[in-house]
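Working notes, beginning with the structure itself.
The values are calculated or read from the model by the stated rules, or taken from the named source; none is laboratory data. On a predicted model such as this, the values are computed, not experimentally measured, just so you know. Note: ideal-geometry Cβ built from the backbone for every residue, glycine included; neighbour counts use all protein chains shown. For the accessible areas, the whole protein counts, side chains as well, though only heavy atoms, and no ligand, DNA or RNA atoms are used. Shrake-Rupley method; radii C 1.70, N 1.55, O 1.52, S 1.80 Å.
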Amino acid sequence: MADNTPAGSTTDGAIQVGGAQQPIESRYSARASYDVADFPVPHGREEEWRFTPLERLRGLHDGTAVAGGAGVKVEVSAPAGVTVETVGRDDARLGRAGAPVDRVAAQAYSSFEKASVVSIPKDTVLSEPVRISVQGEGGVAFGHQVVEVGAFAEAVVVLDHTGDATLAANVEYLIGDGAKLTVVSVQDWDATAVHAAQHTALVGRDASFKSVIVTFGGDVVRIHPRVVYGAPGGDAELYGLYFTDEGQHQEHRLFVDHDTPHCRSNVAYKGALQGENAHAVWIGDVLIRAAAEGTDTYELNRNLVLTDGARVDSVPNLEIETGEIAGAGHASATGRFDDEQLFYLMARGIPEHEARRLVVRGFFAELVQQIGIPELEERLIAKIEAELEASVA
């Protein structure tokens, strides 16, 4: 089922311009705090937790998870001119993008011991990506990373998660005026990993932020990308792709807070699912506050169900408090293979499993191309095809 909603009409969870119809819970009321005690322990009946299998979070949500074991190993590889630091909790740059908005993120903020800070000086244009490797080595860990991009600088950052761990983390992106930052976050965990993270971008005046979230591995992965604007002219593009396999729970909960005039956001996420009890959740929240005149925003989610037994929950929410906007809308659709596409390919002598591979590859191709790093694009395409081959086998 698809829904294309212009400003002034409603869909599940949305309100009309001027607030004629109220949603179940306005994003205005969302709690934000650095103190875990400000968040009650979730029980699964809360709106923000109703899709999450809390019993599989291994205590990240209720305070029983304690850092221990080997945890995770963080390594940063950066081009010349980039500063990489390991800092303590008292560093002034920590928390500048905004406070945690759920209990797991607050637990992570309250529990980490050291944070990594990557700083790109103003006017610097990097010719190579900054690579942050987060390697799980077993046990429970709490993490914090900050990427600070100076005014008019341009950078690409790859955040790569592999191995096995139970990890709660916060990642902050501080994007200076006129700067451009592209971040590719890959969740390619082992099958037993649990990962919950809040990613928050603070976008400066006339700055550009592009996020590409790629999720494959893990038992439970719950990523919360957020965008806030520090001044007019900010531009945010949020892309994502996920491949949810048998028994996996992959959840992406986005929030774009348009509280500043003349800013733009565009969201496009696509997912494929296969296997019994594969569960993907996509929540797209966009709030346009009364002061955010001239906002231009759109969000889209598409899901391709490859087998029986898989489940998708896709909820786009658009909350608008001013009629003085450039545009706003959203769309969501979930479906199976297009039988006509399969028939067309098979009628030309292509075996069914190869035809399915081509259809899925085409489904993801547009988003993979947003990465802009050829070797990483090839790795992700190979991963998608390996998932498909495993289902055939």
Looking at segment 122-142, which of its residues are in contact with a Phe, Trp or Tyr (Cβ under 7 Å, 6 or more places away or on another chain), farther than 14 Å from W189 by Cα and of a type outside the set (K, R)? D123, F142
Please go through segment 60-78 and give me each residue that is among the small types (G, A, S), at negative phi and not in a strand (DSSP E or B), ordered by number. A65, A67, A70, A78
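So that you can scan it fast, the table gives a plain yes or no per residue for (1) under 19 Å from the mean Cα position of the chain (by Cα); (2) without any contact (Cβ under 8 Å) to a residue 60 or more places away in the chain; (3) within 21 Å of R226 (Cα to Cα):
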site	(1), (2), (3)
V84	no, yes, no
G98	yes, no, yes
D102	yes, no, yes
A106	yes, no, yes
V117	no, yes, yes
P121	no, yes, no
V125	no, yes, no
G136	no, no, no
A141	no, no, no
Exactly one of F255, F243 is aromatic (F, W, Y), touching a residue at least 40 places away in the same chain (Cβ under 8 Å) and over 22 Å from V203 (Cβ atoms), and that one is F243
From the list S119, S127, S77, S110, exactly one residue is among the hydroxyl-bearing types (S, T, Y) and in contact with a helix residue (DSSP H, G or I) (Cβ under 9 Å, 6 or more places away or on another chain). Which is it? S110
Restricting to segment 352-367, name every residue that is open to solvent by less than 70 Å² (accessible area, probe 1.4 Å) and over 30 Å from T182 (Cβ atoms). E354, A355, R356
Hey, any hits in segment 300-317 for a residue that's of a type in the set (D, E, K, R) and farther than 30 Å from E385 by Cα? no
Odd one out for L174 among (1) farther than 22 Å from D90 by Cα; (2) touching an Asp or Glu at 6+ places or on another chain (Cβ under 6 Å): (1)
Among the residues of segment 176-198, what is the count of those that are within 22 Å of A236 (Cα to Cα), open to solvent by less than 10 Å² (accessible area, probe 1.4 Å) and among the β-branched types (V, I, T)? 3
Listed by range, strands (runs of 3 or more DSSP E) wholly within segment 79-174 having at least 3 residues that are open to solvent by less than 10 Å² (accessible area, probe 1.4 Å) and modelled with pLDDT of 95 or more are 115-120, 130-149
Counted residues in segment 326-348 being surrounded by fewer than 21 Cβ atoms within 10 Å (Cβ to Cβ) and either in contact with a strand residue (DSSP E or B) (Cβ under 6 Å, 6 or more places away or on another chain) or assigned to a helix (DSSP H, G or I) (or both) come to 15
Those residues of segment 26-61 which are of a type in the set (D, E), exposed (fewer than 15 other Cβ atoms within 10 Å of the Cβ) and touching a residue at least 12 places away in the same chain (Cβ under 8 Å), in sequence order: D35, D38, E47
